[in-house]
Structure formats: structure tokens, C-alpha cells
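Notes to accompany the following structure.
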Amino acid sequence: MIRLGGSLILTRILRPEAYGVVSVLLSVMYVVEMLADIGVTVFIVREPEAEEPRYLNTAWTMRLGRAALSGLLVFVCAPLIASLYHEPALVTPLRVMSLLFLLLGLESMSFPLAVRRNQARLQIYSELTASFLSTLFSIVYCYYSRTYWGMVYAILLNRLLITLISYRFYPESRPRLQFDTAAARAILRYTRLTVPSGILTLALSQFDKVVFLRLFDLRSLGIYALANNIAAPIESLILNICHVVLFPRCAHDFRTDRANFLKNYYSNNVKLITSILLLPAGVGGAAYLIITTLYDPRYASAAYVLQACMLRATLVALAIPAEVLLIAAGEPQVILVGSLFRTIWMVVASLTGYYFYGFTGFVWGAASNVLPALIYYLWLQRKKRLLVVRYELGKVLFALAVAIVAHAIAGPLSALTSAVRIRS
């Protein structure tokens, strides 16, 4: 809601091109981050010995070194990256944004520990506080500057606040520089999966933005980015719930009560699964009403893009619980295989859609990329006897019903809103 409120205000201050620039910057940061991912959080949450100081310190040292190298890479290669987008003006903001990696690397290990100890609220409330303050800063700065720099500085401020807050928790586990060979070897066992998976994931998530300017203009990118900015907090919420609540819960059940693992997964997580399906399905059904009511008419075409984004978010809400279930059950390869399926589908479906239907086909093709991974997860669940079909069908029917009801309610409200605008 904070991000949505900020978006409502900023779209009335800035032109769509500003969102396009920030979208490119975030894409580059995400690409570099995924390339250097070493799977520290997954290791700390799942492994029994991960709370020992030598493991925590080694993980923090490795993450800090990775962050420093990533920031240096972006700073040095900023002119080259800008040339790929044919936008020389991106050089300076790219170099400023390179500080993001150093701030990330300096963060303590308290948040992964909080997730492991079922105290994820510490991370969630910290992120909430940082999001509110950085969004407020962005609005004030952009109001006076009328440039995208307010959003750039707000991103850095957000990460700085999270890093500072992280040191308030678990002072007995504050990190220090240490490199233990055995601990590093244990962490790198996950890296063998997370690095190639990260490469595929960044190709998947950034493919649309990388090719966008080759196929469309900055204004189209701005419209696309607006819809994705609305979708991003929803997908982030889904991923957070799955990773910081469902995953540690499943990992704990698998370690302590393996005989009832499947039963606990389906019976103890009904409210959780329902909650993550409700929001994307509802927003997707009411997408046109949301865009036309809350945003300037210049952004009206973002409505069907938002619908496509909510289809993707709904598929994520179906797929990620299956993924974390399998990881907790000792099948970490699903991270890599699922990313491979999604990447192949993304390229084929989006370009095929563009060929036949232009911008609209590209958007819907890209939004369907989670579907093959979902099918693979369900197949593997069935193979491992971890699937209850009636529950999975119930999820799909629930999401479909929510979308239909939301669309039915939004239709008359949208007509009423349009009538009021015409009269005024």
C-alpha cells in the first residue's frame, strides 16, 4: 500500500519516461545481484548447523566480498551498460546505484536468523519502516526536482535503513570477518544450484526489459513499468510469505515430523495459501477500475498490462508453495530446473506473442512464464507422493472465482466512475 500510494503521487509529478529510466537501473542491479547470488539465506534457514558462529561469519564475509565486487563491476562498466540501452545519460545514475551493493553486503545476518527462528516479523516490520521513510523522501525530492533522482536516492536510502536496523537484532550474532573452509564448502554446495539458477532467473526477469527498447519506445516501457510497479509489491508479498513463513515451517516439519510432513503442509497452510491467492486474483479482476480511477488518463493503457501481471502473480502464488515444499523435502534442484523451464517459455512465448499481436501479445506471453515451472513442480510432487490433487484444484478454482467476482463488481463501478467524470 505504501508503494501504491507513492506511485499514485509520483505519476502525477513525473513523466512516464522517468519510470522507464528507473526501470532500467533496477534491471541492471537485479542482473548483477542474481549473477553473484551464493544462496546464503537458503543455507541458514535449512541447515541444522547454520547458527554456529563460524558458519554465520563465513557466510557474511562471502556475501560482503561478493557485494564489493558487484558494486565495482557496475561502477566500472556503467558506460558500456548505458551504450547497450543507447542512453548515455544512464552512466551517472548507474554509478550512484552501485553503492546499493555495498550497503547490501554490510547488512548483518539477523534477518536470515529471524526467518530460521520463526521470527520473520522482525524483517517484515524493518522493511515496512524503511519503505515508508524512503517513499516519503522520494515524493518530497521528486516534487521539488521533477526528476527521477528522487527515486534513485530513495532506493539507496531504503537499503541503508534496512542495513542499519539489522544490527539492532541478535547482538550476540553480530558478524565479523572470518573464513572457515569447511563452512564455505557447505555454503557453496547451494551455490552450485543458485548461481546457474540465478543466471536463468535474471534472464527470465530481465528479458522483457532488455528487449523492450529494441521493440518499443520509452513511453511504452513507462506504461509497462507502471503496471509492474503495482504488481511488484504483490509478488513480493507472495514471495515473502512463502520464503519467510512457509519455507521455514516446511523445513522444520521435514526435520522433526517427516511422517506427517505432507499432511501438515496441506492442513496447516490453508489460510496462508488462501491469503496469497486472494490479492492477485482480486486485483486482476478489478485492474481496469484500479487504473482508470487512480491514475492519470495518460496511463489508461496500463490496465490490461496490470491484468497480465496479475496472471503472473497468481501463477507465482500457485507455484512457489510447491517449490518450497520440494526444497524442504530435499529436492533443491527444483530451483534450477524451474528457472530453466521459465526462461525458455519466456523467450518463446513473448516473442511469438509479439510477432502475432504486437505489444499486447508480448505482454501476455511474458506474463505466462511461470506456467511450465508450475506444471513441473506438480509433476514432481506427484512422483514423490507429495501431491493431493483436490487441494491443488481447489486453489485454482478459488483464484478463478475471486477474479470473476472482482471483475463483476468492478464493471458497474467503472461505468459509474466514467459517468461522474463526464458530468464533471
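The values are calculated or read from the model by the stated rules, or taken from the named source; none is laboratory data. What you see is a predicted model; the values in this text were computed from it and never measured. Cβ: placed from backbone, ideal geometry, glycine included. Neighbour counts: every protein chain shown. Heavy atoms of the whole protein, side chains included, go into the accessibility calculation; ligands, DNA and RNA do not. Shrake-Rupley method; radii C 1.70, N 1.55, O 1.52, S 1.80 Å.
LEU374 falls short on exactly one of the conditions (1) within 24 Å of PHE254 (Cα to Cα); (2) touching a helix residue (DSSP H, G or I) at 6+ places or on another chain (Cβ under 8 Å); (3) surrounded by fewer than 23 Cβ atoms within 10 Å (Cβ to Cβ); (4) at pLDDT below 95, and that condition is (4). Residues that are assigned to a helix (DSSP H, G or I) and crowded, with 21+ Cβ neighbours inside 10 Å do occur in region 263-273. In the set (1) surrounded by 21 or more Cβ atoms within 10 Å (Cβ to Cβ); (2) at pLDDT 75 or above, the condition left unmet by GLY39 is number (2). Within region 324-340, is even one residue crowded, with 20+ Cβ neighbours inside 10 Å, within 22 Å of VAL211 (Cα to Cα) and touching a residue at least 12 places away in the same chain (Cβ under 8 Å)? The answer is yes; a qualifying residue exists.
Scanning region 288-316 for residues that are in a helix (DSSP H, G or I), modelled with pLDDT under 90 and open to solvent by less than 20 Å² (accessible area, probe 1.4 Å) turns up ILE291, TYR299, ALA302, ALA303. Taking each residue of region 218-243 that is at pLDDT below 90 and looking for partners that are part of a helix (DSSP H, G or I) and open to solvent by 20 Å² or more (accessible area, probe 1.4 Å) with beta-carbon atoms closer than 6 Å, six or more apart or interchain, yields LEU218/GLU17; GLY222/GLU17; PRO233/ARG3. Assessment of region 174-191 against the conditions (within 19 Å of the chain's Cα centre (by Cα), modelled with pLDDT of 80 or more and surrounded by fewer than 17 Cβ atoms within 10 Å (Cβ to Cβ)) yields no matching residue. Is there a residue in region 88-105 that is free of Cβ contacts under 8 Å to residues at least 60 places away in the same chain and under 25 Å from GLU331 (Cα atoms)? No - not one qualifying residue is present in region 88-105. What do you reckon, is LEU164 modelled with pLDDT under 80, surrounded by 14 or more Cβ atoms within 10 Å (Cβ to Cβ), of a type in the set (A, V, I, L, M, F, W, C) and in a helix (DSSP H, G or I)? Spelling it out, it is not the case that LEU164 is modelled with pLDDT under 80, surrounded by 14 or more Cβ atoms within 10 Å (Cβ to Cβ), of a type in the set (A, V, I, L, M, F, W, C) and in a helix (DSSP H, G or I). Residue-level check: of (1) open to solvent by less than 50 Å² (accessible area, probe 1.4 Å); (2) within 27 Å of ARG192 (Cβ to Cβ), VAL363 misses just (2).
Determine if region 389-398 includes at least one residue that is at pLDDT 90 or above and under 20 Å from LEU215 (Cα atoms). The answer is no, given that none of the residues of region 389-398 is at pLDDT 90 or above and under 20 Å from LEU215 (Cα atoms).
Got at least one residue in region 50-63 being within 21 Å of the chain's Cα centre (by Cα) and open to solvent by 10 Å² or more (accessible area, probe 1.4 Å)? Yes.
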